[in-house]
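Input: a single structure, listed below in structure tokens.
The values are calculated or read from the model by the stated rules, or taken from the named source; none is laboratory data. Note that the coordinates shown come from a computational prediction; the quantities given were computed from them, not determined experimentally. Note that each Cβ is placed from the backbone with ideal geometry, even for glycine, and that neighbours are counted across all protein chains shown.
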Amino acid sequence: MKTSLLSEIKTAIQIALFKHTDMHHVASDKHKTQYAYYIIIIAALLGLIGGQIFLPFKPTIGMAIGMAISQVIMTVVGIYILSIIAKGIFKGHAKHDEFFRVMGYTMVIGFLSIFPMLGIIVAIWGIILVFVILKVVHKLTTGGAFGAIIVGIIVMGVVSMILSPLLAKFGFGYQMQGGYKFKGPDGSTGVFDYMDKDSFKFDVDTEDSSGTVEMDAGKMKITTEDGETMEITIHGME
């Protein structure tokens, strides 16, 4: 049967609805691997678009693209790490590519990330899906599936701390530096420049006034449009 991206997205929706038959079908078909990548990439791009439309703090286009690329890389790495944990520690039965294909298809729920307000729902839905897929594809016990998820979260936390600075260094991250455009519900606008964890600058311009907030090594400086300043030292950040 001829396949297309649209037909595979329909299959992905069935997997997201916990259809075991479709999980097994995708796991066993090597030709589905490319579509797993496509769905992961589309989910990242839709998240990028949703952030630009709905979030008050909007990363610049260049940074948003970097964030999307970083998300794709971390998703792929995370899926394979979880499969290694499931197979190596909890005696899972699936091949890593089989597990990747099914997990990649579940990222269709990430299409909802175009609406950031649905983030919690997507996260809970995703965790339940991972649990079910570990049981169906890797054939883990209930305890094994729980254990794999917990160990996977811990390992990915460590991996994220290692990879994120590297991705940022090569232009695929957003943790180190960047500029965010801001627009509030009242029409206020501004730019937030983030240098590192202790340093940032926030320029804001509203209908009534404008000003700047700067943070550097634990010292915050607030400057109004009249040139008046106020300095605050935050202890523990110096």
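Pairs needed: first member in the stretch 110-132, within 17 Å of residue 56 (Cβ to Cβ); second member anywhere, among the aromatic types (Phe, Trp, Tyr); C-beta distance under 7 Å; at least 6 residues apart or different chains.
Close Cβ pairs (under 7 Å, with a partner that is among the aromatic types (Phe, Trp, Tyr)) amount to 115/54; 116/54.
Tally up the residues in the stretch 41-81 that are in contact with a His (Cβ under 9 Å, 6 or more places away or on another chain) and in contact (Cβ under 8 Å) with a residue 24 or more places away in the chain, please. Working first, answer last.
To start, the set of residues in the stretch 41-81 that are in contact with a His (Cβ under 9 Å, 6 or more places away or on another chain) comprises 79-80.
From the residues that got through so far, the ones that are in contact (Cβ under 8 Å) with a residue 24 or more places away in the chain too are 79.
Within the stretch 41-81, residues that are in contact with a His (Cβ under 9 Å, 6 or more places away or on another chain) and in contact (Cβ under 8 Å) with a residue 24 or more places away in the chain number 1.
For residue 118, are the conditions met, namely being touching a Ser or Thr at 6+ places or on another chain (Cβ under 6 Å), at pLDDT 90 or above and under 30 Å from residue 99 (Cα atoms)?
Details: touching a Ser or Thr at 6+ places or on another chain (Cβ under 6 Å): no; at pLDDT 90 or above: yes; under 30 Å from residue 99 (Cα atoms): yes.
Answer is no for this residue.
So is residue 119 of a type in the set (Gly, Ala, Ser), under 24 Å from residue 87 (Cα atoms), assigned by TED's automatic domain parsing to the domain that holds residue 33 and surrounded by fewer than 18 Cβ atoms within 10 Å (Cβ to Cβ) or not?
Answer is no for this residue.
When the stretch 1-59 is examined, which residues are found to be small (Gly, Ala, Ser) and not in a helix (DSSP H, G or I)?
4
Just the residues that are in contact with a Phe, Trp or Tyr (Cβ under 9 Å, 6 or more places away or on another chain), assigned to a helix (DSSP H, G or I) and surrounded by 16 or more Cβ atoms within 10 Å (Cβ to Cβ), please, taken from the stretch 74-95.
Passing the criteria: 76, 79, 82, 83, 86, 87.
If you check 120, 133, which single one turns out to be in a helix (DSSP H, G or I) and within 30 Å of residue 52 (Cβ to Cβ)? First the steps, then the outcome.
On the way: 133 fails: within 30 Å of residue 52 (Cβ to Cβ).
One residue alone meets the criteria, 120.
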